[in-house]
């Protein structure tokens, strides 16, 4: 059954990437525990608008945990305390009456701030552009059954391909590393026979681009896996490292 | 009468001969032609990637921060194709027939046949791109069943098929970005179409971060901007999905076709509170293994597990034994509403029916069900706080997809030369009701395999001159109009928020123009919508400036368009005095309560021409001719 709770919010406000930001404090009363976290922010924004104060900017779109647009750090945890959950799917029943919540944007060198809780994640797109694809042109494909794929490989590829590109892994990492994001894409495409011809160039180019974008390295803290809303395993980082080593050696 | 430019010849030869008869652009000349593509969902991304590969100069515009976030990403269940891998009697002709029948005989035969023809190429293309479709232990692709079909022709990637197909198209697009064949413009919103001498020649956009307004010219403009389901406020669409691009093109002369064909999806998580921002879909594929029921007794207070088998009504299985729980969406939705209206609905609000996995779990085991629907059931548990493996899920219909859209001919070109419309944004292939797993097929079919041929035929007949045309005064004039509108919204400084207006409009449309419609209700809506629109323009409250990232301002522009579009939606529903597919007029039903089509009077596409806000639009008709299929009342019994 739903309940009403009161919360103390400390939310990061920042006009744009060149202006320093700070925390603002907001009290919210009567938050329905069936609300999602973003619906709670909607209600706060409506209230702010009525008071003549500019609402809080935050990115969001599908609100069903798949588009990867939303995200904020809640009490130090990207996407909040519930495992395997995006911010839009996090419901207020996970919080207690009277609790204080500190809400911040993703903080990483690779993600400059647009405004308030919204960041620029185009670095992730540039990493995909460097090699996160199979170079088949429209019309070139043979029959789908021309090349059977062992179920095991297809399942591994799917486990990795679930990544929604939200950037929580980067925000969670003490080094601001994008290894889980890159590892997931390398692992997805390199597990499939269709991805084999470009296996080496893919991993080399994507890692080079990742470094160029200012993302840090991996030091095995596994914070990325803990924060990932799709619970993508760090095994994919290991797989990428193996492919990277092989690509450099042979 | 509108000319749909359907090629002559036998149905099965039309597309083949049309491709041969189309003019081509020499590979060396293609880079001289500039094409603007707005939107990066399945249709937009696949079109931009394919056109880039062919060598055209492509520029892609989208309001999200990355092309991968377009709402196609949220499609769950699957994509249809006539591969007949399960050897159960499928064929191009059967997919064509099922789609025409599913659309309640309100779509063009030639378009639908072409869609069925290219469906197999889509699967081939996606597999080659690395889309990880579900496979059997043999290494070959698995299929499942969807509503409106008696064969298993749906390919899927767990419950995330749309995501995987979109990522395939996105990756193909990013590959072309790396080769500099495509340029991306993230976080830009198209706010006007520029028409020069009757031809679509460019767009006006707003940079959503800096607020800058600018024009872009091209030799052709492709709109792939999705549907208008968010006019109802609560829908399964993403919060950003809107009608602005297509509506503003309509205001510049493009005809809007069949806006009253809206699809209400039967299996969504029911509404739970006033603050609710959107509705969440539970894939139709769940109806493969879930049984829909309500208690036989009205207002039965007992929890589901205390209601014995013989006191449950599996109403879909009872009424439609041949298709059972897998009847098409419009029929499943209407039946759920009928049960709830009769007082047999369940849950706190009485506006829900059960979708019960119990029998399938007993037959197959929890693991198999988890493998098939795990992510959907997790999502259900997160939203509702209930465990769907233990208690039956509660579902209710919600607005999901819109079959109507900008009118296009067989070449996917609107009545404005140079303006092409693909995917959900056009009206073309689904008639008055779309079958499950057909949206992904149409989006990718349009983008990968239809548009690249038909746009070439258009371009081959014109001289490229985007660099010169940008100097025409029409561009500056459109920029000024866009800026003025933004200034006007910011100057009102009223008391009502944008979302409050949007909610009111949505509620009004859901009540008067939702799952069931009637003359009195539609007439009332047509009186109330203009009043609400006037209130908006005198009392909306949008703070901040137009020169920075201002999300309330973005929404205000979209809601202003919905307030105009909603009127056309109701008018079209009023004019169509018959029931078909997603358009159910209470006055026109069979004695059993099924939709009653009036083929002698309404076997046409209604394409509306804009004549000014608050002015009656003009109706143009495209007659639907059926040469291959026999028109019949749909029967799923």
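Laboratory data are not the source of any read-out in this text; all were calculated from the coordinates shown. Just so it is clear, the model here is predicted, and its values are computed rather than measured. A quick note on method: Cβ atoms are made from the backbone with ideal geometry, for glycine too, and the neighbour counts reach across all protein chains shown.
Worth pointing out:
- The mean number of partner chain beta-carbon atoms within 10 angstrom of a residue's beta-carbon across peptide A:148-155 is 6.
- Its residues counted as N, the stretch A:51-101 yields a C-alpha radius of gyration over 2.2 N^0.38 Å of 1.25.
- Averaged over the residues of peptide B:203-214, the number of Cβ atoms from other protein chains lying within 10 Å of each residue's Cβ is 1.
- Where Rh is the Kirkwood radius over Cα pairs, Rg/Rh for chain A: 1.04
- Compared with the dominant Cα axis of chain B, that is its longest principal axis, helix B:551-575 is turned about 70°.
- Within chain B, helix-based [θ] at 222 nm, where runs of 4 or more DSSP H residues each add -39,500 (n - 2.57), nearest 500: -11500 deg cm²/dmol
- Averaging 1/r over every pair of different alpha carbons in the stretch B:265-399 and inverting the result gives a Kirkwood radius of 15.0 Å.
- With respect to chain A, whose longest principal axis is taken over its alpha-carbon atoms, helix A:199-212 is tilted by about 40°.
- For the stretch A:1-107, alpha-carbon Rg relative to the globular expectation (2.2 N^0.38 Å, N residues): 1.03
- Convex hull per residue volume in Å³, alpha carbons only, for the stretch B:167-231: 139
- Semi-axis lengths, Å, chain B, gyration tensor of Cα atoms, sqrt of 5 times eigenvalues: 37, 29, 24
- Ordering B:348-357, B:622-631, B:115-124 by mean Cβ neighbour count within 10 Å, with the highest value first, yields B:115-124, B:348-357, B:622-631.
- Stokes-Einstein diffusion for the protein assembly as shown at 4 °C, viscosity 1.567 mPa s, with a Kirkwood radius from C-alpha pairs, works out to 47 µm²/s.
- Alpha-carbon Debye profile of the stretch B:353-410, log10 I(q)/I(0) at 0.15, 0.21, 0.22, 0.24 Å⁻¹: -0.55, -0.83, -0.90, -1.02
- Comparing the stretch B:250-308 with the 2.2 N^0.38 Å rule of thumb, its C-alpha radius of gyration ratio is 1.80 (two decimals).
- Of all DSSP beta bridges in the protein assembly as shown, antiparallel share, percent nearest 5: 70
- Peptide-level mean, for B:134-142, of C-beta atoms on other protein chains within 10 Å: 5
- Packing-based ranking of A:122-130, B:160-168 yields B:160-168, A:122-130, ordered from highest to lowest mean Cβ neighbour count within 10 Å.
- For the stretch B:507-573, pairs of C-alpha atoms spaced more than 19 angstrom apart make up 40 percent of the total.
- Across all directions, the average projected area of the convex hull around the alpha carbons of the stretch B:58-168 is 8.5 nm².
- Using all pairs of distinct alpha-carbon atoms, the Kirkwood hydrodynamic radius of the stretch A:92-189 works out to 16.6 angstrom.
- Largest first, the three principal axis extents of the alpha carbons in the stretch B:1-62 are 37, 28, 23 Å in whole numbers.
- The Kirkwood radius of the stretch B:466-518, taken over pairs of alpha-carbon atoms, gives through the Stokes-Einstein law at 4 °C and 1.567 mPa s a diffusion coefficient of 88 µm² s⁻¹.
- Kirkwood Rh and Cα Rg combined as Rg/Rh, the stretch B:128-257: 1.06
- Mean ellipticity per residue at 222 nm, deg cm²/dmol - from DSSP H runs of n ≥ 4 across chain A, formula -39500 (n - 2.57): -10500 deg cm²/dmol
- Average projection area in nm² (convex hull over Cα atoms of the stretch A:173-250, one quarter of hull surface): 5.1
- For chain B, the longest principal axis of the C-alpha atoms and the axis of helix B:329-341 are separated by about 50°.
- Per-residue packing, averaged as other Cβ atoms within 10 Å, sorts the ranges B:580-592, A:227-239, B:234-246, A:21-33 into the order B:234-246, A:227-239, B:580-592, A:21-33, beginning with the highest.
- Over the stretch B:485-614: Kirkwood hydrodynamic radius from C-alpha pairwise inverse distances, Å: 16.3
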